[in-house]
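Chemist: Below you'll find the structure I mean.
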């Protein structure tokens, strides 16, 4: 695992040297498990470039576990994106997801397939993966380090434009990510990551991204309050 992380870090450094911009992404959210099968969650995300909010979006999700290693989910988000002239454009977006997980010892193999569709798009006629239809495929690998709060993760995601036009039916963008989840006590969880976002058909193709995600488990808060009430 250490050798894989070393190789990936070298790749990140190489891409960072070629990147045209740096962005900082952050999100905060909460989740609630209704039962063993159904979970609801909500979050708010911001993406900053040059100390200005480039993209912001709230998101609501409902997830259903089919079996232990397969779940499906539906996301709704309103995406507001800042253009170069300073104006924000927005769109309602729906994501339909299917996620597969397989555990081997302390390794976890994952694969997420997503189909996204949107009610609006930017002012440009060019394809925009934030606002247009896309098929996205994301394999991932994580490792739960024994007696540690860290669970390193790496993933690769490709964006496929399914449109029939001149720009369609091709892979438009790739994302390469490395990060870690922090297993904290109580209802809180944190994830940090570094990411390369590479547009294949663009004059400024590469972005370097650092991110922080925070998540709150409502179920753990409720269970903790119940235990305190029983004392």
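The values are calculated or read from the model by the stated rules, or taken from the named source; none is laboratory data. Since the model is a prediction, treat every value here as computed from it, not as a measurement. Every residue, glycine among them, receives a Cβ derived from its backbone with ideal geometry; neighbour counts consider all protein chains shown.
Chemist: Collect the residues in segment 169-198 that are more than 24 Å from residue 23 (Cα to Cα) and in contact (Cβ under 8 Å) with a residue 40 or more places away in the chain, keeping them in residue-number order.
Modeler: Within segment 169-198, none qualify.
Chemist: Right, residue 100: under 19 Å from the mean Cα position of the chain (by Cα) and either part of a helix (DSSP H, G or I) or at pLDDT below 95 (or both) or not?
Modeler: Spelling it out, it is not the case that residue 100 is under 19 Å from the mean Cα position of the chain (by Cα) and either part of a helix (DSSP H, G or I) or at pLDDT below 95 (or both).
Chemist: Identify the residue in segment 154-175 that is closer than 13 Å to residue 135 by Cα and within 17 Å of the chain's Cα centre (by Cα) and, among all such residues, is surrounded by the most Cβ atoms within 10 Å (Cβ to Cβ).
Modeler: First, pick out the residues of segment 154-175 that are closer than 13 Å to residue 135 by Cα: 157-163, 168-174.
Among the residues that remain, those that are also within 17 Å of the chain's Cα centre (by Cα) are: 157-160, 173-174.
Numbers: 157: 18, 158: 16, 159: 23, 160: 18, 173: 20, 174: 15.
Ranking the qualifying residues of segment 154-175, first place goes to 159.
Chemist: Assess whether residue 62 counts as being at pLDDT 95 or above and farther than 18 Å from residue 218 by Cα. Reasoning before the result, please.
Modeler: Details: at pLDDT 95 or above: yes; farther than 18 Å from residue 218 by Cα: no.
In short, no.
Chemist: Restricting to segment 181-231, what's the tally of residues that are in a loop (DSSP other than H, G, I, E, B), modelled with pLDDT under 90 and either under 21 Å from residue 28 (Cβ atoms) or in contact with a strand residue (DSSP E or B) (Cβ under 8 Å, 6 or more places away or on another chain) (or both)?
Modeler: 8
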